[in-house]
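Participant: Got a structure for you, questions after.
The values are calculated or read from the model by the stated rules, or taken from the named source; none is laboratory data. Predicted model only: the values in this text are computed from it and were never measured. Cβ coordinates were reconstructed from backbone atoms using ideal geometry, including for glycine residues, and neighbour counts include every protein chain displayed. Accessible surface areas use protein heavy atoms only, side chains included; no ligands, DNA or RNA. Shrake-Rupley method; radii C 1.70, N 1.55, O 1.52, S 1.80 Å.
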Amino acid sequence: MRNLRLEISRKIFHIVSILLLLVPLYLWGRFSIAILMTFMLVVIFPISYFKIKNRFTLWFWQIIKWVERDKNLQMPARQAFSLAIGMLISSLIFDEKILQISITSTAVYDGFATIFGLLFGKHKFPWGKSLEGTIGGILFNTAALIWVLPINYAVLISIFVAFVENFSSSDKWFLDDNLLIPIFTGIFVKFFIHQICLF
């Protein structure tokens with residue numbers, strides 16, 4: 001039960017914290033995301049890696065205590081740093097519209113797919129994800145994207161994101177969905193959707 005509560009808390013934090021990146025994106029553009037992600041990697045990563053604990057870093061360790069899995073405590077927030085790399089790369093190569101889609105999909109698909117999988121997942125794929133989680137992620141991601149895209153493109157992008165997420169792995173940072181989803185979603189939108197949909 002504690003693990004279920006922890007995982008749902010983690011994913012709620014994941015959804016909200018990533019969607020909050022849309023605020024600086026709207027206000028100051030894509031390079032504000034690059035600056036924030038660079039700050040994360042240059043300032044916050046050393047706090048985690050070197051286990052720096054003092055009154056200035058107390059806020060970081062409180063968040064870790066609330067949302068981090070026990071198995072990740074050797075390198076806390078590792079997946080957040082994978083996200084920072086993915087978002088940094090995306091913010092440097094994609095325009096604001098594509099970056100908005102990448103941010104939304106990383107937050108919404110991944111978050112809701114996990115929540116649905118935990119609560120309703122009965123049909124597991126061989127790689128550990130569930131059919132119910134995948135469907136839940138696609139539905140919620142589509143609902144989020146139809147605010148900025150026609151529904152047919154929103155569905156197509158959500159299915160693509162599901163494909164990326166299902167074949168990612170949190171065991172290796174370079175296969176983490178937080179790294180892969182923003183980059184590959186951006187590539188997919190830029191080279192396939194962007195050609196047929198006038199933003």
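Participant: Tell me yes or no: at least one residue of region 90-101 is acidic (Asp, Glu) and under 27 Å from Tyr153 (Cα atoms).
Facilitator: yes
Participant: Among the residues of region 159-185 satisfying the criterion of being over 13 Å from the mean Cα position of the chain (by Cα) and at pLDDT 95 or above, which is least open to solvent (accessible area, probe 1.4 Å)?
Facilitator: Step by step, filter region 159-185, then rank; the result is Phe160.
Participant: Val43 versus (1) more than 17 Å from Gly186 (Cα to Cα); (2) within 19 Å of the chain's Cα centre (by Cα): which is the lone unmet condition?
Facilitator: (2)
Participant: Further question: Given the criterion surrounded by 22 or more Cβ atoms within 10 Å (Cβ to Cβ) and not basic (Lys, Arg), identify the matching residue among Gly86, Gly128.
Facilitator: The match here is Gly86.
Participant: Oh, and also: Considering only region 17-37, state which residues are of a type in the set (Val, Ile, Thr) and free of Cβ contacts under 8 Å to residues at least 12 places away in the same chain.
Facilitator: Val23, Ile35
Participant: Is it true that some residue in region 50-70 is among the hydroxyl-bearing types (Ser, Thr, Tyr), touching a residue at least 24 places away in the same chain (Cβ under 8 Å), more than 19 Å from Leu99 (Cα to Cα) and open to solvent by less than 30 Å² (accessible area, probe 1.4 Å)?
Facilitator: Within region 50-70, none of the residues are among the hydroxyl-bearing types (Ser, Thr, Tyr), touching a residue at least 24 places away in the same chain (Cβ under 8 Å), more than 19 Å from Leu99 (Cα to Cα) and open to solvent by less than 30 Å² (accessible area, probe 1.4 Å).
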